[in-house]
Amino acid sequence: MCGIFGYVGTRDEAPQLVLAGLKKLEYRGYDSWGIASRQNEQAFARLLVEKHTGKIGQAMTSLPASHAALGHTRWATHGGVTQANAHPHLDCQGRLAVIHNGIIENHTELRRELLAKGHTFASQTDTEVVCHLMEDDIRDETSTQDGCERLVQALMRVFRRLDGLSAVSVLDPQERCIVAAKNGSPLVLGYSQDGNYLASDSSALLEHTRRLTFLDDGQAALLSADGIRVYDATSGLREADTRIWDITWQEEVEGLDGFPHYMTKEIHEQPAVLRRLAAESSAQAQRLADEIQQASTVHFVGCGTASNAARCGEYLFSRIASRQANCVVGSEFGYLADFLDERSLVVGFSQSGETIDLLDSLKSAGRRGARLAALVNVEGSSLYRLVDHPILLLAGAERCVLATKSFTAKLGILLMAAYATQGRLEEGRALLQRAADEIQSFLTDGRVEQVRELADRIADAQHLYVIGRGPSYPMALEAALKIKEVSYIHAEGFAGGELKHGVIALVERGSPCIVLAPNDETFRSILSGAEEIKARGGYIIGISPCASDVWDEHIKVADVGEGASIVHAVPPQILAYELALRRGLDPDKPRNLAKSVTVK
Ligand code: AGP
């Protein structure tokens, strides 16, 4: 889940280039960061390293001019958030700098073996074993190959000893090159006139070059100022041909556009995103509908917010298309896929397209012959390139760790596709436009102020519950997830009917409980659930088109029929944001989280 960025070339501001690249990748992890560079003009070039705990923010690098540098922004998996555990890590001689994204599952055994050989470790990370394994390999290696070739061969030998999913990169100041290897975690290579780059994702490279290679699992690379070589890390042999993509998609515009945080900016972008989908994605929605109609079984798979969108899809296809679409969370699908075959359709849901649990599940489904599709926001991502039929969410860059516009965008495509199965695509598009209009008015007609006042009243709550029935059940899960992620309040979403089976025991006097109550067949039953909670002292916040005496607080939303879920997503997003502000928290980079989860 970390961010990796490297450059080797003719430009001597490599440390600054790397720092700028890390800032673009910081959504992948922000526990600590570090850069290693090669000190120039010295008969015996050496490494210079700086490492810091915390976010990069507006920091500048203190490293002097250099033509080669490698950097890392960390999401801690092994070893606490300390300067010693920040990457890069060095070998005993301080000769090699290693950075890593992923998990080395057999690091304990390797560490024990290296300690027995007299190596000394400076960190608690799994990563550091690579430095010492490389140190041994290079010391014992007698080949006459040139320095860079020897370095990449050493890395491939070491990489073959690592269990788990990882991307590793090494800078050796003696050799004017950077080497890397990957299996599972993403790595992208960039070719340019003034040198060559590597990064964890393409978005950090597009300002420098549009000629990219997406390294495949089990490949390694050697980057020097005048070129890039790609290898098969298993055989150690150079790959005959390497695909170079000429990227046409636009680099996403960064910047807050006057908003204080990406979270509220992206919440406010939802009406435009939904209108764009209604205008530009109906053909894609129709194609998804056709794929679903042709398949014998259909499976919607995602993680976190994407799994809540997948579950919404299950309800929308049942209600509108009378079609079963089985929803499974990405990290569990691999254990539930034995029945898949070539007549199955598996649809992956992902904003980043890099979530490792989801990628693994879809790769195993593909190996069983299933057809693969995806609703994905990042063009060129691993998921986008893995599936037979990628459908772009057109939501634009989503920089806040919390998924907001990418969530409602998924629901927008699902709504159109569900109607398209019945030949009623136009109806689906019209509903999507109505949902966009209602969200626009909600964001501009003063109802946001009501949510702010509510946040004032419940900001000190320790626990908060959200209930919904039918299609509002996954919406309750999503509302609770947003509030948990960014305000750290223990929020839980329940299926309204589950209340009496245990969870109502949690309700105390004043417990805030959000009730999602669209004007549909679930309204009466969910109101009874709300009454039961109120009877035990709960404070009832109704999000509904309909008034009711049960509400202690009524957040009124328009009735948009089957588009209700899309509209009901927004008030809890705003509440979560306002709660975070009142609790003095960073809405864009919550603790312990990262935007794309690339470790298991
Ligand atoms: C949502 O706010 C979180 N960032 C998280 O649950 C996220 O949805 C999940 O990690 C899946 O990410 P993806 O959509 O990029 O695959």
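Just so it is clear, none of the values below were taken in a lab; they were calculated from the coordinates. Just so it is clear, the model here is predicted, and its values are computed rather than measured. Methodologically, a virtual Cβ is constructed for each residue, glycine included, from the backbone with ideal geometry; neighbour enumeration extends over all protein chains shown.
Things to note:
- Compared with the dominant principal axis of the Cα atoms in the chain, helix 14-25 is inclined by about 20°.
- Compactness of the range 481-522 - radius of gyration and Dmax, Cα, Å: 12.0, 33
- Integer Hz, Karplus 6.51/-1.76/1.60 couplings in order for the range 522-539, x for Gly and Pro: 8, 4, 4, 5, 5, 5, 4, x, 5, 5, 5, 5, 4, 4, 9, x, x, 9
- When both the range 246-308 and the range 1-76 are represented by their alpha-carbon centers, they are found 32 Å apart.
- Each residue of the range 225-286 gets 242 Å³ once the volume of the Cα convex hull is shared out per residue.
- Taking max minus min of the alpha-carbon positions on each principal axis, the range 494-550 gives extents of 28, 21, 14 Å, largest first.
- Amide H to amide H distances under 5 Å link Gly218 with Lys182, Asn183, Gly184, where only residues 5 or more positions off or on other chains count and H is placed in the peptide plane.
- Helix 570-582 axis, angle to the chain major axis (alpha carbon atoms, nearest 10°): 60
- Proxy reagent accessibility, fewest Cβ within 10 Å first, across His87, His52: His52, His87
- Normalised by 2.2 N^0.38 Å, where N counts its residues, the alpha-carbon radius of gyration of the chain equals 1.02.
- Annotation: the antiparallel percentage among DSSP beta bridges lying fully within the chain is about 60.
- Principal-axis tilt of helix 472-487 within the chain, Cα atoms, nearest 10 degrees: 50
- Square roots of 5 times each gyration tensor eigenvalue, C-alpha, the range 18-94, largest first, Å: 22, 15, 9
- Calculated Rg and Dmax of the range 278-333 using C-alpha coordinates, Å: 11.7, 35
- For the range 374-385, the Karplus equation 6.51 cos²θ - 1.76 cosθ + 1.60, evaluated at θ = phi - 60°, returns couplings of 7, 9, 9, 9, 9, 5, x, 5, 4, 5, 4, 7 Hz by residue, with Gly and Pro reported as x.
- Residue separation of Asn592 and Arg161 scaled by 0.36 nm, minus their Cα-Cα distance, works out to 152.2 nm of gained length.
- Contact order normalised by residue count of the range 468-591, Cα under 8 Å, 6+ apart, percent: 28
- Computed [θ] at 222 nm, deg cm²/dmol, the chain (DSSP H ≥ 4; -39,500 (n - 2.57); rounded to nearest 500): -11000 deg cm²/dmol
- Potential extension, Asp549-Ser235 segment - 0.36 nm per residue separation minus Cα distance: 105.9 nm
- Distance from the range 352-424 to the range 551-579 (C-alpha centre basis), Å: 24
- For the range 143-280, the relative contact order is 19 percent, taking Cα pairs closer than 8 Å that sit 6 or more residues apart in sequence and dividing their mean separation by the residue count.
- Pairs of Cα atoms nearer than 8 Å and 6+ residues apart set the relative contact order; for the chain it is 12 percent.
- For the chain, Cys with no neighbouring Cys Cβ under 4.7 Å: Cys2, Cys92, Cys131, Cys303, Cys312, Cys327, Cys400, Cys513, Cys546
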